[in-house]
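The values are calculated or read from the model by the stated rules, or taken from the named source; none is laboratory data. These figures come from a predicted structure and were not determined experimentally. Methodologically, a virtual Cβ is constructed for each residue, glycine included, from the backbone with ideal geometry; neighbour enumeration extends over all protein chains shown. Ligands, DNA and RNA are stripped out before the accessible areas are found, and what is left, the full protein with its side chains, is counted by its heavy atoms. Shrake-Rupley method; radii C 1.70, N 1.55, O 1.52, S 1.80 Å.
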Amino acid sequence: MPRFYLTTAIDYVNSRPHLGTAYEKITADVIARYKRLGGVDTHFVMGNDEHSQNVFRRARELGQEPLAYCDRMEQEFRDVWRALDLSFDDFIRTTQPRHKAAVETIVTRIAAAGDLYQADYEGWYCVGCEAFKQEKDLVEGLCPIHRTKPDWIKERNHFFKLSAYRDRLLAHFAEHPEFLQPDVRRNEILRLLDAGLEDISISRAGQSWGIPLPTDPSSVVYVWFDALINYASAVGLGTDPALFDTWWPADLHVVGKDITRFHAVIWPAMLMSAGLPVPRQVFGHGWVHLRGEKMSKSLGTAIDPLEAAQRFGADALRLFLTKEIPYGADGDFTFERFEERYNADLANNLGNLVNRVTAMGARYRQGHLTPTGSPSRLQDLAATTVREYGAAMDTYALHQGVASVFRLLDATNEYLAERAPWTLAKDPANAAALDEVLFTAAESLRLATVLLGPVMPASTQAILARLGDHTPLVDRRLAVDGAWRAAGARTVAAGEALWPRVVSADPTTPDVTAAPAPVQVRALSGVSSVPEDQSSATPVSPVAAPAAPAASAATPAPTSAEPAPSEDAVITIDDFMKVELKVGKVLAAEAVPKSKKLLKLTVQDGAASERTILAGIAESYTPEAIVGRTIAFVANLAPRPMMGLVSHGMVLAADTDGKAQLIAFETPPAPGTRIR
Ligand code: MSP
């Protein structure tokens with residue numbers, strides 16, 4: 001069986017994943033799942049880059065040991081990746097012993113090759129990039145990526161003779177035009193190689209956080225030199241020779257365009273020096289932008305991927321990012337555009353087709369479809385689609401692969417409109433024609449759904465089950481399931497709409513103006529659900545987020561508002577104890593754009609942890625008035641999206657005349673204290 005070893009960049013853990021870093025992982029996951037669908041034995045590795053100074057500083061800011069902080073962040077990253085349905089086979093961390101062993105192996109081999117020497121380094125260093133910078137790299141004295149002034153450092157360092165590898169790298173690029181893709185990145189790097197390479201410092205003096213340099217334990221290995229080696233340590237370099245032989249060299253490194261240089265120049269030169277094979281291919285994808293700026297935590301332009309996934313389900317987000325951003329280019333993310341595409345591609349197109357096919361199958365044939373064997377133009381188009389899809393996916397034109405499937409879905413919808421089975425069903429004389437139309441449409445939809453599997457794993461499984469195909473995801477194969485099935489009766493089952501159409505009113509906006517008396521304590525974060533702007537109501541139900549298909553339980557879409565229990569409803573103490581009430585301290589507060597009622601609060605909820613809570617108290621409290629206050633909140637609510645943000649809890653307040661009054665304490669207890 002052919003094998004494929006695929007990696008993503010490993011992430012700095014000084015902050016949580018954002019939609020830009022998630023984009024990389026999602027698209028790599030699409031590639032991994034596509035390979036598996038093609039019957040390729042695939043090893044997909046992701047991980048965390050922990051030895052950066054920013055990570056060390058962040059841990060110290062929080063008063064935590066760096067390793068303990070990294071342990072906690074691993075969980076946070078894994079939670080996000082699980083919610084996005086990423087199918088990685090291994091998760092490497094650069095603080096793991098297996099990684100240290102690989103770093104020692106490579107550095108020792110490079111030293112043995114005579115490619116290390118000591119010299120003084122004096123120059124700029126951007127901690128955000130974790131990179132040495134030359135004057136020409138700066139714009140008005142600032143790092144152009146982080147817009148911060150780099151540090152001037154002067155150290156005695158160990159250097160790698162990168163310059164000695166220029167000719168070998170140029171020869172490698174010439175012999176392997178596919179080595180770096182897309183072409184725009186390849187051309188960038190070729191220009192850089194033409195201009196010549198300088199040796200690079202691979203150590204940092206006087207730091208404790210990192211892997212000691214085997215040849216000089218008073219220094220640690222420079223974080224990039226350390227991080228690149230993760231790709232080899234994850235498959236056993238220095239610890240498991242058989243595993244290493246199985247998977248190395250990597251088939252594909254998926255990385256962002258900002259770090260292509262590290263992967264296409266420094267990394268192959270390191271491997272050449274160490275006498276190891278270089279990876280077969282590097283793909284430098286573009287950036288996800290927010291309002292034209294690179295999405296980034298440090299620039300304040302980050303969107304929480306969970307928030308985006310909770311809006312319409314993880315699969316809808318995966319589809320949006322894969323289909324709408326040409327792979328390799330930059331693309332803008334807005335919630336407006338996400339909603340627009342959700343309605344067009346999922347509610348109106350795929351979801352509608354699933355509804356039509358299964359509902360008509362149930363109504364006219366009690367769910368049992370019989371093949372008629374008549375050839376159809378959809379069958380020809382399906383064959384063309386499979387070819388186009390394969391060609392696009394094989395060259396990582398993921399957006400084109402998905403677009404070709406949507407052409408087949410469009411054609412299937414058009415076919416139904418033309419053949420009008422609802423009219424055929426009126427006359428029993430048309431029974432054979434009706435059978436043909438229902439079967440053909442169901443088969444075309446089944447095949448298109450199989451092709452969308454790598455992009456929307458959970459919901460395509462749910463659709464295929466409705467179409468009577470219960471093959472487990474891992475057993476699906478393009479060669480078998482992607483072929484038109486002209487024979488074989490099948491059973492279809494109608495169900496709930498998978499992706500109800502959405503209008504952009506925000507029904508999760510809290511309502512603190514509801515009937516005031518009697519005064520009652522309420523959780524002010526989206527329990528009730530009257531849109532702020534009633535004028536936006538349309539005949540379409542204002543669904544905040546549709547129920548995700550059954551199989552996508554990993555990212556449950558928020559349910560619509562639930563009615564408050566009646567006044568005299570009685571609950572048991574066990575019921576009450578399910579609600580985790582806690583003390584929190586408001587560290588920061590700000591108004592939520594376009595909302596009259598919401599404040600976004602940063603709440604300290606434990607000794608060294610914080611969370612975001614959206615509270616409908618803006619008509620009663622200014623942000624300044626609430627900062628520093630100790631509050632009570634519900635701590636164990638599922639995260640809820642509101643106004644483009646996500647609330648991780650609810651603040652408790654009394655509702656008096658529609659105005660909120662926060663619960664106060666005589667002597668404020670420590671944040672995190674349980675309330676009973
Ligand atoms: N730790 C290094 C990578 C080391 S790999 C040996 C790093 N980490 S990062 O957390 O800053 O970025 C991780 C990946 O996310 C990188 O490939 C980076 O290019 C990518 N992205 C960061 N912001 C992004 C967008 N706004 N859009 C798309 N990708 C983005 O770099």
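Starting from residues that are part of a strand (DSSP E or B) and hydroxyl-bearing (Ser, Thr, Tyr), keep the ones in the stretch 206-259 and report whichever is farthest from Glu24 (Cα to Cα).
Of all residues in the stretch 206-259, those part of a strand (DSSP E or B) come to 212-213, 216-221, 252-256.
Then drop every residue that is not hydroxyl-bearing (Ser, Thr, Tyr), which leaves 218-219.
Details: Ser218: 36, Ser219: 32 Å.
My answer is Ser218.
Scanning the stretch 11-39 for residues that are within 16 Å of the ligand (Cβ to nearest atom), in contact with a helix residue (DSSP H, G or I) (Cβ under 7 Å, 6 or more places away or on another chain) and under 20 Å from Pro279 (Cβ atoms) gives Asp11, Lys25, Thr27, Val30.
Of all residues in the stretch 650-673, none are within 29 Å of the chain's Cα centre (by Cα) and closer than 22 Å to Ala302 by Cα. Restricting attention to the stretch 104-132, the residues that are open to solvent by less than 30 Å² (accessible area, probe 1.4 Å) and in contact with a Gly (Cβ under 9 Å, 6 or more places away or on another chain) total 1. Every test in (1) in contact (Cβ under 8 Å) with a residue 40 or more places away in the chain; (2) open to solvent by 60 Å² or more (accessible area, probe 1.4 Å) is passed by Arg166 save one, and that test is (1).
Whether any residue in the stretch 188-208 is within 16 Å of the ligand (Cβ to nearest atom) and open to solvent by 30 Å² or more (accessible area, probe 1.4 Å) is what I want to check. Give the derivation first.
Initially, the stretch 188-208 is screened for residues within 16 Å of the ligand (Cβ to nearest atom), giving 188-189, 200, 202, 204.
Now narrow it down to the ones that are open to solvent by 30 Å² or more (accessible area, probe 1.4 Å): 188, 200.
The answer is yes, given that some residue of the stretch 188-208 is within 16 Å of the ligand (Cβ to nearest atom) and open to solvent by 30 Å² or more (accessible area, probe 1.4 Å).
Look through the stretch 333-362, keep the residues that are farther than 29 Å from Arg419 by Cα and assigned to a helix (DSSP H, G or I), and return whichever of them is farthest from the ligand (Cβ to nearest atom). Full working, then the answer.
Restricting attention to the stretch 333-362, the residues satisfying the condition of being farther than 29 Å from Arg419 by Cα are 333-339.
Subset that is assigned to a helix (DSSP H, G or I): 335-339.
Working: Phe335: 16, Glu336: 19, Arg337: 16, Phe338: 15, Glu339: 21 Å.
Looking at residues that are farther than 29 Å from Arg419 by Cα and assigned to a helix (DSSP H, G or I), I get Glu339.
Just for helices (runs of 4 or more DSSP H) wholly inside the stretch 93-198: which have at least 3 residues that are under 18 Å from Tyr222 (Cβ atoms)? I'd like the intermediate steps shown before the answer.
Working: elements: 97-112, 166-175, 183-195.
Per the criteria, 97-112.
Among the residues examined, Thr423 does not qualify as at pLDDT 95 or above and either of a type outside the set (S, T, N, Q) or surrounded by 24 or more Cβ atoms within 10 Å (Cβ to Cβ) (or both).
Scan the stretch 421-441 residue by residue and report those that are in a helix (DSSP H, G or I) and under 20 Å from Thr491 (Cβ atoms). So that I can check it myself, show each step before the final result.
Taking the stretch 421-441 as the starting set, the residues that turn out to be in a helix (DSSP H, G or I) are 421-424, 428-441.
Across the stretch 421-441, the qualifying residues are Pro421, Ala431, Ala432, Leu434, Asp435, Glu436, Val437, Leu438, Phe439, Thr440, Ala441.
As a summary of the residue check, Thr8 satisfies the conditions (1) touching a residue at least 60 places away in the same chain (Cβ under 8 Å); (2) more than 10 Å from the ligand (Cβ to nearest atom); (3) not aliphatic (A, V, I, L, M) except for the one numbered (2).
Selection of the stretch 458-482 for residues being assigned to a loop (DSSP other than H, G, I, E, B) and in contact (Cβ under 8 Å) with a residue 12 or more places away in the chain yields Leu467, Gly468, Asp469, Arg476, Arg477, Gly482. Could you pull out the residue among Asp330, Asp240 that is within 13 Å of the ligand (Cβ to nearest atom), modelled with pLDDT of 95 or more and open to solvent by 20 Å² or more (accessible area, probe 1.4 Å)? Just one listed residue meets the conditions, Asp330.
The set of residues in the stretch 267-296 being within 9 Å of the ligand (Cβ to nearest atom) and assigned to a loop (DSSP other than H, G, I, E, B) consists of Gly286, Trp287, Met295, Ser296. Elements of the type helices (runs of 4 or more DSSP H) sitting completely within the stretch 19-83 and holding at least 3 residues that are open to solvent by 40 Å² or more (accessible area, probe 1.4 Å): these cover 53-61, 66-83.
The residue pairs whose first member lies in the stretch 643-669 and is surrounded by fewer than 15 Cβ atoms within 10 Å (Cβ to Cβ), whose second member is assigned to a strand (DSSP E or B), and whose beta carbons are closer than 6 Å, counting only pairs six or more residues apart or on different chains, are Ala654/Val521; Ala654/Gln661; Phe665/Thr630; Pro668/Thr630.
If the condition is being at pLDDT 95 or above, surrounded by fewer than 19 Cβ atoms within 10 Å (Cβ to Cβ) and not in a loop (DSSP other than H, G, I, E, B), then the stretch 366-380 contributes His368, Gln379, Asp380.
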